[in-house]
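Participant: Please see the structure below; I have some questions.
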Amino acid sequence: MTDAYTPPKVWTWEKASGGQFANINRPIAGPTHDKELPIGKHPFQLYSLGTPNGQKVTIMLEELLAAGHKGAEYDAWLIRINEGDQFGSGFVEINPNSKIPALMDRSGPTPIRVFESGAILMHLAEKFAAFLPTEQPARAETLSWLFWQMGSAPFVGGGFGHFYAYAPEKIEYAINRYAMETKRQLDVLDRRLADNEFVSGSQYTIADMAIWPWYGGMAKGLQYGAGEFLSVHEYKNVIRWADQLAERPAVKRGRMVNRVQGEPSTQLRERHDAGDFETKTQDKVAAE
């Protein structure tokens, strides 16, 4: 057991705080350097990384295109958060919170910035009248689960994921606390999916797209290598749902966009055309 920590009267920032992301974490906002963002040819310009939060939006865009909404064409530009791209002046102009994903909607006369993944999903759903029910109570149910994810997932990522996989030392109390909360959330979702095909009911919606990259990833053992530790096999309904969504072609494509880890054939680091999935994955690029 380590010595008990006594908080100081006034907290000060120790830059050498350790941990995998210590070089990009800081207690102040704003840009650290000047850098304009590129602009492609499509109505939507996405600046992101293929993390669970980034996957939500690329899955949504691919689902819109699969459903025939040609106006949803997009350019996806890679933001390497481990290198501090999110602190460039151009990115901060779109998202003052310096988090991915960030979207510029250039489909109209006035460009619209949208940040926070849940807000982007809602913006796109309302713009294309897709994947968000218009009638009550289905609409309220969908939005409730969307915001459940937005409020709950930080306990999984910044809580459990950080202390289990990334912290410079293993802290028993922190891991136990967030493992308990992560399992509670999986149980919430498992109970909901026991009587419903999709999270909000009988329809596939933006709630599924928001929740799947985090909790579907946990169920399929894709997050933090913690499947056995959290006994994810217990959540049979979550696993059924996760497997079902994983087979959707748009989900498969959305998971590839802005991805920088895993098999090279699954990494499409930037996406500027639908044909890029066949010609620009990392295995194809390496072979050129």
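Coordinate-derived values only; no laboratory data. This one's a predicted model, so the numbers in the text were calculated from it and none came from an experiment. Cβ sites come from the backbone with ideal geometry, for glycine too, and all protein chains shown count toward neighbours.
Participant: What 222 nm value per residue comes from the helices of the chain, counting each DSSP H run with n ≥ 4 as -39,500 (n - 2.57) and dividing by all residues, nearest 500 deg cm²/dmol?
Facilitator: The helix contribution divided over the chain gives -11000 deg cm²/dmol.
Participant: A follow-up question, please. For each of His33, His69, His42, count neighbouring Cβ atoms within 10 Å of the residue's Cβ, then give the residues from fewest to most.
Facilitator: With the sparsest Cβ surroundings first, the list reads His33, His69, His42.
Participant: Taking 0.36 nm per intervening residue step and subtracting the Cα-Cα distance, what contour gain separates Ala29 from Ala194 on full extension?
Facilitator: Extending this stretch completely gives an extra 55.1 nm.
Participant: Of the GluC sites (Glu not before Pro) in the stretch 1-107, which ones lie in a loop per DSSP and count no more than 13 other C-beta atoms within 10 Å?
Facilitator: Loop-located and lightly packed - Glu14, Glu36.
Participant: Under a point-charge model restricted to the Cβ atoms of Lys and Arg (+1) and Asp and Glu (-1), what is the dipole moment magnitude of the chain relative to its Cα centre, in debye to the nearest 20?
Facilitator: Rounded to the nearest 20 debye, it is 220 debye.
Participant: Let me ask something else. Determine the principal axes of the Cα atoms in the stretch 146-248, then give the extent along each, sorted from largest to smallest and rounded to whole angstroms.
Facilitator: Largest to smallest, the principal-axis extents are 43, 25, 22 Å.
Participant: Using 22 Å as the Cα-Cα cut-off, could you pick out the over-long pairs in Lys41/Lys70; Lys99/Lys236; Lys127/Lys280; Lys56/Lys252; Lys35/Lys70?
Facilitator: From the list (Lys41/Lys70; Lys99/Lys236; Lys127/Lys280; Lys56/Lys252; Lys35/Lys70), the Cα-Cα distance tops 22 Å for Lys99/Lys236; Lys127/Lys280; Lys35/Lys70.
Participant: Would you tally the net charge around Asp190, using a Cβ to Cβ cut-off of less than 9 Å, leaving Asp190 out, and scoring K and R as +1, D and E as -1?
Facilitator: +1
Participant: Which percent of the Cα-Cα distances in the stretch 19-94 go past 16 Å?
Facilitator: Across the stretch 19-94, Cα pairs with separations above 16 Å total 57 percent.
Participant: Let me test this: with uniform point scatterers at the alpha carbons of the chain, what is the Debye-based log₁₀ I(q)/I(0) at q = 0.08, 0.09, 0.10, 0.14 1/Å?
Facilitator: Computed log10 I(q)/I(0) values: -0.36, -0.46, -0.57, -1.11.
Participant: Next up: Just name one of Tyr173, Val188, Ser202: the one whose Cα is farthest towards the positive end of the charge dipole of the stretch 154-220 (beta-carbon charges, Lys/Arg +1, Asp/Glu -1).
Facilitator: Of the candidates, Tyr173 comes out farthest on the positive side.
Participant: Also: So what is the relative contact order for the chain, in percent, with contacts set as C-alpha pairs under 8 Å and at least six apart?
Facilitator: Reported relative contact order: 20 percent.
Participant: Roughly speaking, what % of Cα-Cα pairs in the stretch 154-205 are separated by over 13 Å, rounded to a whole number?
Facilitator: 61
Participant: What are the DSSP H helices in the chain that stretch 24 Å or more along their long axis, judged by alpha-carbon atoms, and whose average Kyte-Doolittle hydropathy comes to at least -1.0?
Facilitator: Span-like helices here: 138-154, 172-193.
Participant: Here is a follow-up. Would you work out the relative contact order for the stretch 1-146, in percent, from Cα pairs under 8 angstrom that are 6 or more residues apart?
Facilitator: It comes to 23 percent, rounded to a whole number.
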